[in-house]
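Structure first, then comments.
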Amino acid sequence: MKNMLTAISNAVCRITGRNVGAQTVSEGATVVSSRAFADFTPKASFDIKKCDVHRLEVGPPEQAELTREQGLHYYRTMQTVRRMELKADQLYKQKIIRGFCHLYDGQEACAMGIEAAINPTDHVITAYRAHGYTYIRGVSVQKILAELTGRKGGVAKGRGGSMHMYAPRFYGGNGIVGAQVPLGAGIALACKYQGTDQVCVALYGDGAANQGQIFESFNMAALWKLPCIFICENNKYGMGTSVERASASTEYFRRGDFIPGLRVDGMDVLCVREATKFAADHCRAGKGPILMELQTYRYHGHSMSDPGVSYRTREEIQEVRSKSDPITMLRDRMLAHKMAAMEEFKEIDMAIRKEIEEAALFATSDPEPPLDDLCNHIFHNDTPLEVRGTNPWTKLKSIS
């Protein structure tokens, strides 16, 4: 019997490439590995929705390849953004987060797909629904939640709040509707002027799509062939107004007129990734700007002050959740192709919940910045200067 068990064990080792009987000791506990990851499919191809195109002879591919490692990374990232936003909702309702707070749950495939397609050295600028992009561009959940609660450990040291978060090559978080788009064109101008191979992704929502400054940016970017990907995240409602009531033309990907455009399924991370790769290649080839419309959906209202059900039904929201949720869609694809096990996703979910809870604990216990720090960093690398407070007799100091 002992010889038989040894033979079986050796055979399994040869098949899986793992030492089946191996044990690892951690803090005095013996852990026996029970899962052979070699049994999972390492790579698979998926059919994705065809993009509608404007002024393009060909569009992005209709098939996308996904590795197991990529899939798990995308799932973990999107689920972290989802859980972070739900925690922000909870903290807001507890009145720990105050002021403006625009949540991104439902739209995670947009941010993840874009980041998966560009380089870390490329540039991103977005509007005020910025938490997801802040995380995906490299800022920790702890720093984001601490910023939302106005603490010293926040990404902007507690002085930016929900709409003003930044990271290297991520320029916020901008509170003025549409104002980030000309800034994005300016960043793209800098990329071209400096002779880099970088692109800038300038994001805006359907509610900002009728702003005049956006069309001025289109015009200048086209004239100067700037490497700018203009992206309209069309979540179907600008505040409480549906796109049909707000825009005479809802084909936002054609709004560039003389600029090529793509309309993309923004609920499918693979579709967004492939379209963004196509757009980035277009810009890097010196062909000038390109416009993308990502058709997506937000589960929360416009902001935390908007319940989100006065202009749409709960049934509509639930239908999108059940049929088009970006996280569920990715998970189900991977399970159907045996790229992962449900237990693995559950373990990831548990680890994310733990990370979020620890970040929330920090965000509610870290001290608030003192008043003396309020005016610091107004200017970069300048001598200290005096700043008037709320009245002529209150003086504060700004230190770079």
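The values are calculated or read from the model by the stated rules, or taken from the named source; none is laboratory data. Quick caveat: nothing in here was measured; it's all calculated off a predicted structure. Neighbour counts run over all protein chains shown; Cβ positions are idealised from the backbone, glycine included. Quick note on the areas: whole protein, heavy atoms, side chains included, nothing else; ligands and nucleic acids left out. Shrake-Rupley method; radii C 1.70, N 1.55, O 1.52, S 1.80 Å.
Based on the Cα atoms of the chain, what semi-axes does the equivalent ellipsoid have, where each is the square root of 5 times one gyration tensor eigenvalue, given in whole Å with the largest first?
Its equivalent ellipsoid spans semi-axes of 39, 30, 21 Å.
Based on the Cβ-Cβ distance of His377 and Glu216, what FRET efficiency does E = 1/(1 + (r/R0)^6) give at R0 = 30 Å, to the nearest 0.05?
That gives a FRET efficiency of 0.50.
What's the Cα-based Rg to Rh of the stretch 208-293, Rh via Kirkwood?
Using Cα coordinates only, the ratio equals 0.98.
Sum -39500 (n - 2.57) across every DSSP H segment of at least 4 residues in the chain, then divide by the residue count to get the 222 nm mean residue ellipticity, nearest 500.
Details: 12 runs with 158 residues, N = 400.
My calculation for the chain gives -12500 deg cm²/dmol from helical runs alone.
Test of understanding: what is the full-extension gain from Ala179 to Ser45, defined as 0.36 nm times their sequence separation minus their Cα-Cα distance?
Contour length minus Cα-Cα distance gives 44.3 nm.
Summing +1 for each Lys or Arg and -1 for each Asp or Glu, what net charge is found among the other residues whose Cβ lies under 9 Å from the Cβ of Leu294?
Charge balance in the 9 Å sphere: -2.
Which Cα, out of Pro289, His337, Pro42, lies furthest along the positive dipole direction of the chain (beta carbon charges, K/R +1, D/E -1)?
Of the candidates, Pro42 comes out farthest on the positive side.
Give me the percent of accessible area attributable to carbon and sulfur for the chain, probe 1.4 angstrom.
Looking at the chain in its full context, I get 53 percent from C and S.
Subtract the Cα-Cα distance of Ser310 and Glu57 from 0.36 nm times their separation in residues, and report this length gain in nm to one decimal.
On the way: separation 253, 0.36 × 253 = 91.08 nm, distance 4.20 nm.
This chain segment gains 86.9 nm when fully extended.
Assign unit charges at the C-beta atoms only (+1 for Lys and Arg, -1 for Asp and Glu), then state the dipole size of the stretch 133-232 relative to its Cα centre in Debye, rounded to the nearest 20.
480 debye
For Met292, list long-range residues whose amide hydrogen, built 1.01 Å from N in the peptide plane, is under 5 Å from its own amide hydrogen.
Sorted by chain and number, the residues that satisfy this are Phe230, Ile231, Cys232, Leu262.
From the phi of every residue in the stretch 220-232, what ³J(HN,Hα) in whole Hz does the Karplus formula 6.51 cos²θ - 1.76 cosθ + 1.60 yield, where θ is phi - 60° and glycine or proline is x?
With the stated coefficients, the stretch 220-232 comes to 5, 5, 6, 4, 9, 6, 6, x, 10, 9, 7, 10, 9 Hz.
Checking the table Lys49/Lys338; Lys50/Lys87; Lys95/Lys152; Lys49/Lys323 against a 25 Å threshold on Cα-Cα, which pairs fail?
Lys50/Lys87
Once the convex hull of the alpha carbons of the stretch 119-158 is built, what does its volume come to per residue, in cubic angstrom?
70 Å³
Sequence gap at least 6, Cα distance under 8 Å: using those rules, report the relative contact order of the stretch 247-400 to the nearest whole percent.
14 percent
What is the diffusion coefficient of the stretch 129-233 in µm²/s, taking the Kirkwood radius over Cα pairs and the Stokes-Einstein relation at 20 °C with a viscosity of 1.002 mPa s? Intermediate values should be presented prior to the final figure.
Working: Rh = 14.4 Å.
Translational diffusion coefficient: 148 µm²/s.
If you average over every viewing direction, what projected area does the convex hull of the Cα atoms of the stretch 286-399 give, in nm²? Show your work: numbers first, answer last.
Numbers: hull surface 63.4 nm².
Averaged projected area of the stretch 286-399's Cα convex hull equals 15.9 nm².
Which Cα, out of Val81, Cys375, Ser303, lies furthest along the positive dipole direction of the chain (beta carbon charges, K/R +1, D/E -1)?
Farthest towards the positive pole: Cys375.
Is any residue of the stretch 98-124 close enough, with backbone N under 13 Å, to a label point placed 7 angstrom from the Cα of Asp197 along the Cα-Cβ axis, and if so, which?
119-122
Using a Förster distance of 25 Å, how high is the FRET efficiency between Glu319 and Glu251, based on the Cβ-Cβ distance and rounded to 0.05?
Working: r = 23 Å, r/R0 = 0.93.
Using R0 = 25 Å, I get an efficiency of 0.60.
Give the angle, between 0 and 90 degrees and rounded to the nearest 10, that separates the Cα long axis of helix 68-93 from the longest principal axis of the Cα atoms of the chain.
Rounded to the nearest ten degrees, it is 50.
Just to confirm, what accessible area per residue do you get for the stretch 220-318 at 1.4 Å probe, in whole Å²?
38 Å²
Once amide H atoms are placed 1.01 Å from N in the peptide plane, what residues at a sequence separation of 5 or more from Gly205, or on another chain, have their amide H within under 5 Å of its amide H?
Residues meeting the amide H criterion: Glu233.
Just to be sure I understand the model, the point goes 7 Å from the Cα along the line to the Cβ. What's the resulting Arg76 to Arg159 distance in nm?
3.5 nm
With the dipole of the chain worked out from charges on the C-beta (+1 for Lys and Arg, -1 for Asp and Glu) around the Cα centre, which of Val201, Ala351, Leu189 lies farthest toward the positive end?
Projecting each Cα onto the dipole axis, the largest value belongs to Ala351.
So, with +1 on the Cβ of K and R and -1 on the Cβ of D and E, and no other charges, what is the size of the charge dipole of the stretch 292-361 about its Cα centre, to the nearest 20 debye?
Numbers: 11 positive and 14 negative charges, 39 e Å.
Its charge dipole is roughly 180 debye.
Calculate the dipole size of the chain relative to its Cα centre from +1 charges on Lys and Arg beta carbons and -1 charges on Asp and Glu beta carbons; express the result in debye to the nearest 20.
Numbers: 49 positive and 46 negative charges, 81 e Å.
Dipole about the Cα centre, nearest 20: 380 debye.
With a probe of 1.4 Å, find how much accessible area the stretch 81-178 has per residue, and write the answer as a whole number in Å².
34 Å²
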